[in-house]
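Accompanying notes for the structure given below.
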Amino acid sequence: MILAVALGAGGCGKPAQSKKIVIGFSQIGAESAWRTAETNSFLAEAEKRRVTMKFSDAQGKQENQIKAVRSFIAQGVSIIFLAPVVETGWEPVLQEAKQAGIPVILVDRNVKVSDKSLYVTRIAPDCEEEGRIAARWLADKLKGKGNIVELEGTVGSAPAISRKNGFHEVLEKFPDLKVIKMQSGDFLRAKGKEVMEAILKSVDPKTINALYAHNDDMAIGAIQAIEEAGLKPAQDILVVSIDGVKGAFEAMAAGKLNMSVECNPMLAPLAFDAAEKILAGEKDKLPEWTKVPTRFFEQSQAKDALPSRLY
Ligand code: AHR
C-alpha cells in the first residue's frame, strides 16, 4: 500500500500531496535461467503490489545500464533497482542519482565504490560462501587431491570474483588440489560448452578430476562437451556448480551433475520491502547488506526436490 501511493511531505500546514510511485529496474539481461527467474520475480512482485515498474534489459552491457539509470533519473522515478553487470565504473551515474534524490537499491550483484552512501542497501547472496561450499564439497569427495577445471562467470562481475575468491580460499588448505585450467564462460550455457570443449582438447581429459562452474548454465553446457568427448560427467569428471536452477536438478536426477549450490533469484519481495521502508522514511533502519541464505543439493536429493523448485 505504501508503495502504491506515497504521501509527499505536507509540512508547514500545507496539505499532503500524493505521488504515484514508479520504480525503475535496470536488469543485466537474460544470460541464464537464474537471470530469467530473477526478472520474473520482479515483474510478478510489481504486479502483486500494484507498483509501476519500468524495466530495462541491458543485454549484458554496462553502457546500456548506465543509459537506463540516466533515463530513470530524467523520468523522476521514486526508486531505482540496479543489478550491476560488473563491479566497477558506477560512481558517476550513482552520484547523479544521489544528487537527484533518487535512492538506489542494489540487487544480487555488488559494486565497488569508495562512497557507500551512493546506494541505500543491497539485497544479495553471499557469493564467496557459495564458492567455499563448492570447494569444501570437492575437497571432501576428492580426498584433498586432484585437478580441477574452473569455468568462471562474466569477467569483472561480483559473483565471478567472489565465487573464485571463496573457492580458492578453501583450496589453499589443500595443496594437492589444484585448478589446472580456468577460463570465463560468461555465465552462458553455449560458452560453457565451447570453453570446456577447448579445454578437453588442450589437456589429457583423464587428468581432469573435477569441474567447478560459477553457474549451472555453464555446467550444463560443459556436461555436453564432456559427453561428446566420450567421458561420463559426474563420474569420470565430478561436476559442481552454483544457482540451483531446475536444469541443474534435472542434470543431477540424470546422474550428470554432482552438486549445485543454491543461489536464490527470488529477490523481489525483499527488494520491494526495502523500497517500502525507504518511502516510509525508514531508510536508516535498512542494513547495508541483506544476505540471502544459501544451501546445497546433491544428486540423492534431486528427484524429490524437483517438483517443488520454483525456478
Ligand atoms: O549474479 C548472479 C549470477 O548471474 C547467477 O549465478 C548467474 O547464473 C547469473 O547470470
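Annotations for the structure displayed:
- Pairs where the first residue, in segment 139-164, is in contact (Cβ under 8 Å) with a residue 60 or more places away in the chain and the second is within 16 Å of the ligand (Cβ to nearest atom) and among the aromatic types (F, W, Y), C-beta under 7 Å, 6+ apart: I148/Y212; E150/Y212; G153/F187; T154/F187
- Taken over segment 189-220, the criterion of being among the hydroxyl-bearing types (S, T, Y) and in contact (Cβ under 8 Å) with a residue 60 or more places away in the chain is satisfied by T207, Y212.
- Matching residues, segment 289-305, being part of a loop (DSSP other than H, G, I, E, B) and surrounded by 11 or more Cβ atoms within 10 Å (Cβ to Cβ): T294
- Residue within segment 107-120 that is farther than 30 Å from M182 by Cβ and within 16 Å of the chain's Cα centre (by Cα) present: no
- Lone unmet requirement of (1) among the aliphatic types (A, V, I, L, M); (2) touching a residue at least 12 places away in the same chain (Cβ under 8 Å); (3) away from the ligand (no atom under 13 Å from the Cβ) for A74: (2)
- Restricting attention to segment 90-108 and to residues that are within 16 Å of the ligand (Cβ to nearest atom) and touching a helix residue (DSSP H, G or I) at 6+ places or on another chain (Cβ under 6 Å), the residue that is nearest to N264 (Cα to Cα) turns out to be V107.
- Test: residue in segment 91-99 that is part of a loop (DSSP other than H, G, I, E, B) and surrounded by fewer than 23 Cβ atoms within 10 Å (Cβ to Cβ): no
- V111, sole failed condition from (1) in a loop (DSSP other than H, G, I, E, B); (2) away from the ligand (no atom under 12 Å from the Cβ); (3) out of contact with any Pro (no Cβ under 6 Å at 6 or more places or on another chain); (4) touching a residue at least 40 places away in the same chain (Cβ under 8 Å): (3)
- Note on segment 260-292: residues that are within 16 Å of the ligand (Cβ to nearest atom) and in contact (Cβ under 8 Å) with a residue 60 or more places away in the chain total 13.
- Residue list for segment 79-108, filter: without any contact (Cβ under 8 Å) to a residue 40 or more places away in the chain and hydrophobic (A, V, I, L, M, F, W, C): W90, V93, L94, A97, A100, I102, V104, L106
- Considering residues of segment 121-132 that are under 17 Å from D243 (Cβ atoms) and either surrounded by fewer than 22 Cβ atoms within 10 Å (Cβ to Cβ) or basic (K, R) (or both) only, the residue nearest to the chain's Cα centre (by Cα): D126
- Answer residue from segment 20-51, given it is part of a loop (DSSP other than H, G, I, E, B) and aliphatic (A, V, I, L, M) and is surrounded by the fewest Cβ atoms within 10 Å (Cβ to Cβ) among those: A30
- When the residues of segment 243-259 are filtered to those that are out of contact with any helix residue (DSSP H, G or I) (no Cβ under 6 Å at 6 or more places or on another chain) and at positive phi, the one that is farthest from the ligand (Cβ to nearest atom) is G255.
- The set of residues from segment 260-283 being in contact with a helix residue (DSSP H, G or I) (Cβ under 7 Å, 6 or more places away or on another chain) and assigned to a loop (DSSP other than H, G, I, E, B) comprises C263, P265, M266, L267.
- Residues (part of a helix (DSSP H, G or I) and among the small types (G, A, S)) located in segment 64-90: A68, S71, A74
No value in this document is a laboratory result; all are computed from the given coordinates. What you see is a predicted model, and the numbers here were worked out from it, not measured in a lab. Note that each Cβ is placed from the backbone with ideal geometry, even for glycine, and that neighbours are counted across all protein chains shown.
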